[in-house]
Amino acid sequence: MGAILVFIGLWVSSRANLGAPLLARIFSKEPINELINWKSILTSIFLAVAVALFLLSLFELQKELYPVSSKLSRPSKPFYALVSFSAGISEEIMFRLGLMSLIIAIIQFLKKVENASNKIVWSGIIISAVFFGLIHLPLSKNFVELTPFTISVTMIGNLITGSIFGWIFWKQGLLIAIISHIAFDIVFHVIGTPYT
């Protein structure tokens, strides 16, 4: 499924005016120092880290108000560090480059418009973020019993993060979305400890 989404994303992302502009420019003849906008990268990483800290604080609040018992102990921090990189890369390619681009291209086709409006892009961001949340439900089931509360927490948390990563992908491109996702995962799963 991931390979199909990658192919589709590469095929339709340019039509939706999305993609990997930084990666494309790396293969141009421009000097590397002119290609990298450090302000964009650092702002995106800051946003991802701020969202991770916000969600971790909500988990702490949830532990006090509505304790949820864990089913399994969490894997080690080195394991989560490795997963942060693999998930950051694969999930951004599948959900932003692949699914989000496809959704936007389909909406463009159905509306018979050449350029995606902000409304069309935001529709693609939100719909792909919902799928991003759904794909995380089986993972959550490993750590907590799936109840209406834990399902809501998983879906809302991933809707927030999926929307943030979608916005970063839209505005900054695939590479910066991947870097931001990795930064989020390291703060959320390696430094922080949700589900404990």
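Just so you know, all these numbers are worked out from the coordinates, no wet-lab data involved. Nothing here was measured: the structure is a model prediction, and the numbers come from that model. As a convention, Cβ positions derive from the backbone with ideal geometry for all residues, glycine included, and neighbour counts pool all protein chains shown.
Numbers for the structure displayed
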{"item": "Long-range HN-HN contacts of residue 144 with modeled amide H, under 5 Å", "result": "71"}
{"item": "20 Å reach of a label modelled at residue 126, 7 Å along Cα-to-Cβ, counting backbone N of the stretch 141-178", "result": "152-171"}
{"item": "Above-threshold pairs, the threshold being 19 Å between Cα atoms, out of 119/171; 39/77; 63/141", "result": "39/77"}
{"item": "Trypsin sites (Lys or Arg not before Pro) within the stretch 49-110, DSSP loop, no more than 16 other Cβ atoms inside 10 Å", "result": "71"}
{"item": "Per-residue Cβ neighbour rank within 10 angstrom, fewest leading, 113, 83", "result": "113, 83"}
{"item": "Gain in span if fully extended, residue 149 to residue 86, counting 0.36 nm per residue against the direct Cα distance", "result": "19.9 nm"}
{"item": "The stretch 109-156: trypsin sites (Lys or Arg not before Pro) in DSSP loop, at most 10 other beta carbons within 10 Å", "result": "112"}
